[in-house]
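Since the structure comes first, as structure tokens, the remarks are kept for the end.
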Amino acid sequence: TSVKFNVRRIATNTTVSPISARILDRVDVIVGIVDEDKKSVSSGSVQFKIGDKLLTDDNGNVVRVNVNNGTAVYNYLVPTSLRDVNTTIMAIYSGSDMYLSSMANSTVRVAKRDARIVVCLDKLQYRGGDHSVISTVVVDRNNSLVDGGIVLFKLNGETIKDSNGQSLNATVKNGVATLNYRLPEGISAKNINLSAVFVNSNYNRVENDTILSILRSNVIFEPSIVVAKSDMARFTARLVDANGVLVSGESDVAIKINGRTVKRVTITNGVLNTTLDVSSYAPGVYTVEYMAGMNNRYNSVRTYSIFEKV
């Protein structure tokens, strides 16, 4: 006599935790498997799909996590490919000799990472034409140094550009980005808001500010010695900054001969070229004093030369 048994595998129910993380975070994907009586399952394994792709390990093998006491846990490194993507994760329970397979879906929401940026300057104050070293340090929210991306720089909200109109930027390496920047000649004395903006496709945009303090530049006259052989004499001079560059804009200049003011003139871009009537001067050598007043870019200056009447 033989007896037939109708063996039925037990149905299962699978649940999977949603993923809410940032790019390159490690998160535990927790899968729960219970049978139809809500008892924990302890056999079989779980595979995962993100979107329509099975998860694989670094060697290209499909990830399989064994079920133990009703749970399978997979520690998942959120890849950059999920940047700005809302998708689903599917947990696929394989079943076993005793249990039927089952599956479950949940949401995957991946956000960009957050960073902080600190701006440092190599000096407290600058003048027009000075070289400045602008250094930035970029760290993750866990204070680890960020590698990759660029930092853009702005002065009073305007992006710093080169002579070709291209934005100047610095690459972030091991958390540090440095820009060597020469301040424009003739820049006005004032406090300028310097902004550093960190840009990286894996991170939210972040910026930080500091103050760039600009002082008036010192200037000097470079006058020519005047030798007058007639009643009219031409007086010429160059007004330059400490770097030998002609000053920018207008400057008010007074000319004195032997202490008496003989002419006041406004010069443009550092070039003095004016003619004086010297008919009242007897032959001899006279002291010429050139004075330029202070303005919002430059300090005042007084320079002496000579004028010879023959």
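Please treat every number below as a calculation from the coordinates, not as lab data. In this text, all values refer to a predicted model and were calculated from it rather than measured experimentally. All Cβ positions, glycine included, derive from the backbone under ideal geometry; neighbour counts span all protein chains shown.
Just a few scattered comments:
- Potential extension, residue 300-residue 159 segment - 0.36 nm per residue separation minus Cα distance: 47.6 nm
- Test item: Cα-centred dipole of the chain, Lys/Arg +1 and Asp/Glu -1 on Cβ, debye: 240
- Linear extension gain, residue 10 paired with residue 277, 0.36 nm per residue minus alpha-carbon span: 84.4 nm
- Dipole of the chain, positive end: most advanced residue of 132, 146, 80 [Cβ charges, Cα centre]: 132
- Sorting 54, 272, 121 from the fewest to the most surrounding beta carbons within 10 angstrom yields 54, 121, 272.
- Debye, to nearest 20: dipole size of region 115-214, +1 on Lys, Arg Cβ, -1 on Asp, Glu Cβ: 80
- Fraction of beta bridges assigned by DSSP in the chain that are antiparallel (%, nearest 5): 90
- In the chain, taking the dipole from charged Cβ atoms about the Cα centre, the farthest positive-side position among 197, 166, 219 is held by 219.
- Counting only DSSP beta bridges with both residues in region 219-309, the antiparallel share comes to about 90 percent.
- Inter-label distance, nm, simple model (7 Å from Cα along the C-beta direction), residue 106/residue 246: 7.3
- Summarising the amide proton neighbourhood of residue 300: residues at separation of 5 or more, or on other chains, whose placed amide H is nearer than 5 Å comprise 294.
- Inter-probe distance in nm under a simple model that places probes 7 Å from Cα toward Cβ, at residue 135 and residue 190: 2.9
- Paramagnetic label reach from residue 210 (point 7 Å along Cα→Cβ; backbone nitrogen cut-off under 12 Å): within region 157-174, no residues.
- From the coordinates shown, P(r) over Cα pairs in 10 Å bins from 0, in percent corresponds to which of [x] 5, 18, 15, 12, 11, 10, 8, 6, 6, 4, 3, 2, 1, 0, 0, 0; [y] 6, 22, 23, 19, 16, 10, 4, 0; [z] 6, 27, 33, 21, 10, 3, 0: [x]
- Between region 120-137 and region 39-89, the Cα center-to-center distance that results, in Å: 50
- Where labels lie 7 Å past Cα in the beta-carbon direction, separation of residue 53 and residue 28 in nm: 2.6
- Charge context of residue 200, other residues only, Cβ under 10 angstrom, K/R +1, D/E -1: +2
- Each Lys or Arg adds one and each Asp or Glu subtracts one; over the other residues with Cβ under 14 Å from the Cβ of residue 180, this totals -1.
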